[in-house]
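The values are calculated or read from the model by the stated rules, or taken from the named source; none is laboratory data. Bear in mind the structure is a predicted one, so any value in this text is a computation, not a measurement. Because the Cβ atoms are built from the backbone with ideal geometry, glycine has one as well, and the counts that use them run over all protein chains shown.
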Amino acid sequence: MCLALLFPGQGSQHVGMGRSLADAYPEAARVFEEADDVLEFSISKLAWEGPEEDLVLTKNAQPAMLVHSTAVCRVIQSRLGEVGLAAGHSLGEFSAHVAAGTLDFAAAVATVRLRGELMYAAGVERPGTMAAVIGLDDGAVISVCEQAQGGAGICVPANFNASGQVVISGDIVGVERGMELAMERGAKRVVRLSVSGAFHSPLMAPAAAEFEDRLASVSFRDPAFPVIANVTAQPVSTGDAAKALLVRQLTTPVQWAASVLHMADSGVDRFLEIGPGSVLRGLSRRIARRIPCVSLGEPEDLDAWEP
C-alpha cells in the first residue's frame, strides 16, 4: 500500500481555521505559537478571529494555510506510517516540503510570508486577474489563451486542476478577452476569481526574481520522500531541485491533474488531504476516482480517520 499526502493552497483559508485543532491538541497549538514567534505578529489570532478581509490577503493567507497544514501533520505524525509521495497545490507545495523535511517549519513560514508579499507587490505593479474556465478541455483553453493574446493583453493557463477545470491568468484585458472567447467556445461557466494578481503567469516575473535572490540563503535538504513539483508534475528528490522549482512555480502553470495522475500511476492507493477544506479531495475524485481521498483538517476528521 502506498500513501500520498496532498496539501491545499491559497483559497481554502477561512476565519476560525485551526482553532479547534489547537484547542484539542497541544502539538498543534505549539505550531501556531511558533509561527506567531517567527512572524512577530499573531497569525493564529488572525486565522481564528479574522477579520476575513485581512486573512484573505495573500501575505496572510499563505502562512496561515501552511501553519494549519503543518499543525495537522504534527498531530497525525505518529499514525501516518510510511509516506510514498506528497504534493501541494501552489502554496501547498511548501507545506509538502515541510512535511518531507526539505524545509524547516520556521524557515518555511517566513518564506511563504515573503512570497505572499512579493506576489501582492507584483500585482500592484502590474495589475492582473484570474478566472476559472469550466467545461472546456485543456487544449481548448490553451487555444483560447493564444487567441486572447492576439491583442495587447496577456492570458495564459495558470492551473490545470482537472479535466474541464482550468484557471487562466494574465492582465485584466487579456483575461477578460479569454473569458469571452471561452464562453464562445462552449464553456459551461467562466468565473472571475477574487485575487490580488495574475498568479502563475509572466506578470509574476518581478516577484520570482526577488524571491530567487531571497531564497538563496534558505537551507533546503533532500526530502525524506519525493514531492511532486507543480511545474513538472514529476517527483523531486533533492533540495536544490526543490528550491529551483519553487521559484519557477510563480510564473508557470500548476500541473495539478498531471501530478495526481503521476501519483496514481506510481502505485499510490490512498490520498490524505492535509489542511483546511476539501478542495483537493474533490479534484482527486475527478482525476483518479478509484483512489480514496480523506480530508483531515479539524479534530473530528482526525478522530474519525483510520490509517
Cβ pairs under 7 Å, 6+ apart, first in region 15-36 and within 21 Å of Val112 (Cα to Cα) and in contact (Cβ under 8 Å) with a residue 60 or more places away in the chain, second of a type in the set (Phe, Trp, Tyr) and surrounded by 15 or more Cβ atoms within 10 Å (Cβ to Cβ):
Gly18/Phe32; Gly18/Trp48; Glu34/Phe105
Where in region 134-240 are the helices (runs of 4 or more DSSP H), entirely inside, with at least 3 residues that are under 26 Å from Ala107 (Cα atoms)?
205-215
Return yes or no: is Ala96 under 19 Å from Arg248 (Cβ atoms), modelled with pLDDT of 95 or more and touching a strand residue (DSSP E or B) at 6+ places or on another chain (Cβ under 8 Å)?
yes
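For every residue, the table says whether it meets (1) of a type in the set (A, V, I, L, M); (2) within 29 Å of Asp222 (Cα to Cα).
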{"residue": "His14", "(1), (2)": "no, no"}
{"residue": "Ser20", "(1), (2)": "no, no"}
{"residue": "Pro26", "(1), (2)": "no, yes"}
{"residue": "Ala29", "(1), (2)": "yes, yes"}
{"residue": "Asp37", "(1), (2)": "no, yes"}
{"residue": "Glu52", "(1), (2)": "no, no"}
{"residue": "Arg74", "(1), (2)": "no, yes"}
Can you list residue pairs whose Cβ atoms sit under 7 Å apart, with the first residue in region 287-307 being in contact (Cβ under 8 Å) with a residue 60 or more places away in the chain and the second being assigned to a strand (DSSP E or B) and of a type in the set (Asp, Glu)? Count only pairs 6 or more apart in sequence or on different chains.
Cys293/Glu273; Leu296/Glu273
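One line per residue, one yes/no per condition, for (1) at pLDDT below 95; (2) surrounded by 18 or more Cβ atoms within 10 Å (Cβ to Cβ); (3) on the phi > 0 side of the Ramachandran plot:
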residue	(1), (2), (3)
Ser143	no, no, no
Gly151	yes, no, no
Asn161	no, yes, no
Leu181	no, yes, no
Glu184	no, no, no
Specify which of the listed residues (Glu306, Glu298) is surrounded by fewer than 16 Cβ atoms within 10 Å (Cβ to Cβ) and either farther than 18 Å from Phe225 by Cβ or among the basic types (Lys, Arg) (or both).
Glu306
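Table: residues versus (1) in contact with a Phe, Trp or Tyr (Cβ under 7 Å, 6 or more places away or on another chain); (2) of a type in the set (Val, Ile, Thr).
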position	(1), (2)
Met17	no, no
Tyr25	no, no
Gly50	no, no
Gln77	no, no
Val98	yes, yes
Arg115	yes, no
Glu125	no, no
Residue pairs meeting the criteria (Cβ under 9 Å; at least 6 apart or on separate chains; first of a type in the set (Gly, Ala, Ser), in region 203-216; second crowded, with 17+ Cβ neighbours inside 10 Å and assigned to a loop (DSSP other than H, G, I, E, B))
Ala207/Gly197
